[in-house]
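Data first, discussion second: the structure below is written as structure tokens.
What follows draws every value from the coordinates through simple rules; no lab data is involved. The shown structure was predicted, so the numbers you read here are calculated from the model rather than taken from an experiment. Note: ideal-geometry Cβ built from the backbone for every residue, glycine included; neighbour counts use all protein chains shown.
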Amino acid sequence: MRRLGWAPYALLLPSLVFLALLFATPMVQAFALGLQDRDGTFGLASIERMVGDSNFRNAVTTTLALVVLVLPVQFVLAMSMALIINARLKGQGLWLYVYALPLGISELAAGIVWVSIFTQTGWLNTPEGKPLRMEALLGKVVLVEFWTYACFNCRNVLPYVKGWHEKYATDGLVVIGVHTPELDFERKPENVKKKVAELGITFPVVLDPDYVTWDRYGSRAWPTIYLIDPAGRIVYVAVGEGSYDRTEARIRDLLKQVTRAGN
């Protein structure tokens, strides 16, 4: 009998790479994120919040139901493939390809879920739609505003935020709008993009339809403004309308730190 050597292992390599990229990697990332608190430190606060969510039980039930349904189907298909190989039927190669497709559904689904969870939900007004990373903004003053376009209070605050962006951008202020929708129609990216253009917003806006960024900041109301100092620390919070003079005075104080660091 001729020895096959390394050939069978080489045939398995693409499948192993596929599983590593679309199954193992997202699983490790999910566990790591699940053990991180809002400030990035490791803890159990995120898990406690997840378990306490009203949708948690339904999500677990749905996942278990899928496992109960999918695993037996995959087992039956795998056994059928083995029988076809053993019977040496005519055209078995074609049958094997047909049977192999459902076996990869779960891994492909895991990859699709990974892409939807761990990629950015979308950025507007950035070069090529690329995201801004907070670590890249160290040394600047960052104003983060949580808003939604159908919110009247947000509309009233917007002229001040736009004014600060235009007035202090050259001094080191970076304004980022986080669009966290309150109503269903505000979740559609095309609607947000249209409103951003209509409202004349030129500073970067990140879409936060699943409240991921909202939860990380612990926001509770629209609009909410956070000021982050050049060291990356949240040093000021303003909720709702008003306090415009106080907010601008705080921006100026923080920008003095940027000026001193530049000198």
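Relative to the present Cα-Cα distance, how much length would full extension add between ASP215 and LEU44 at 0.36 nm per residue of separation?
Working: separation 171, 0.36 × 171 = 61.56 nm, distance 1.49 nm.
Net length gain for the segment: 60.1 nm.
So what's the convex hull volume per residue for the Cα atoms of the stretch 123-262, in Å³? Please list the in-between numbers first.
Working: hull volume 14.6 nm³, N = 140.
Dividing the Cα hull volume of the stretch 123-262 by its residue count gives 104 Å³.
Please list, or write none, the lysines whose alpha carbon is within less than 22 Å of the alpha carbon of LYS188, excluding same-chain residues fewer than 8 places away.
Partners within reach: LYS130.
Separation between the ASN58 and THR202 pseudo-spin-labels, each 7 Å from Cα along Cα→Cβ, expressed in nm?
The modelled label-to-label distance comes out at 4.4 nm.
Please identify the trypsin sites (Lys or Arg not before Pro) of the stretch 186-251 that satisfy two criteria: DSSP loop assignment and at most 10 other Cβ atoms within 10 Å. Which are they? Walk me through the numbers before you get to the answer.
On the way: sites: ARG187, LYS193, LYS194, LYS195, ARG216, ARG220, ARG233, ARG246, ARG250; in loops: ARG220, ARG233.
Answer in residue order: ARG220, ARG233.
Step through the table entries LYS140/LYS194; LYS140/LYS162; LYS162/LYS193, compare each Cα-Cα distance with 23 Å, and write down the pairs that go over it.
Exceeds cut-off: LYS140/LYS194.
Give me the one-decimal nm value for the distance between modelled label points at LEU13 and LEU132, 7 Å along each residue's Cα-to-Cβ direction.
Result: 4.4 nm between the two label points.
Within the stretch 127-227, which chymotrypsin sites (Phe, Trp or Tyr not before Pro) sit in a loop by DSSP and count at most 13 neighbouring Cβ atoms inside 10 Å? Could the numbers behind the result be given before it?
Values: sites: PHE146, TRP147, TYR149, PHE152, TYR160, TRP164, TYR168, PHE185, TYR211, TRP214, TYR217, TYR226; in loops: TYR149, TYR211.
Answer by residue number: TYR211.
Taking the number of other C-beta atoms within 10 Å as the exposure measure, put THR213, THR62 in order starting with the fewest. Walk me through the numbers on the way to the answer.
Numbers: THR213 18, THR62 11.
Fewest to most other Cβ atoms nearby, the residues stand as THR62, THR213.
Send over the Kirkwood Rh of the stretch 183-243, from the inverse of the averaged 1/r over different Cα pairs, rounded to one decimal Å.
Working: mean 1/r = 0.0739 Å⁻¹.
Computed over Cα pairs of the stretch 183-243, the Kirkwood hydrodynamic radius comes out at 13.5 Å.
Using Cβ counts within 10 Å as a stand-in for footprinting exposure, how do VAL51, VAL144 rank, fewest first?
Details: VAL51 11, VAL144 21.
The most exposed by this proxy come first: VAL51, VAL144.
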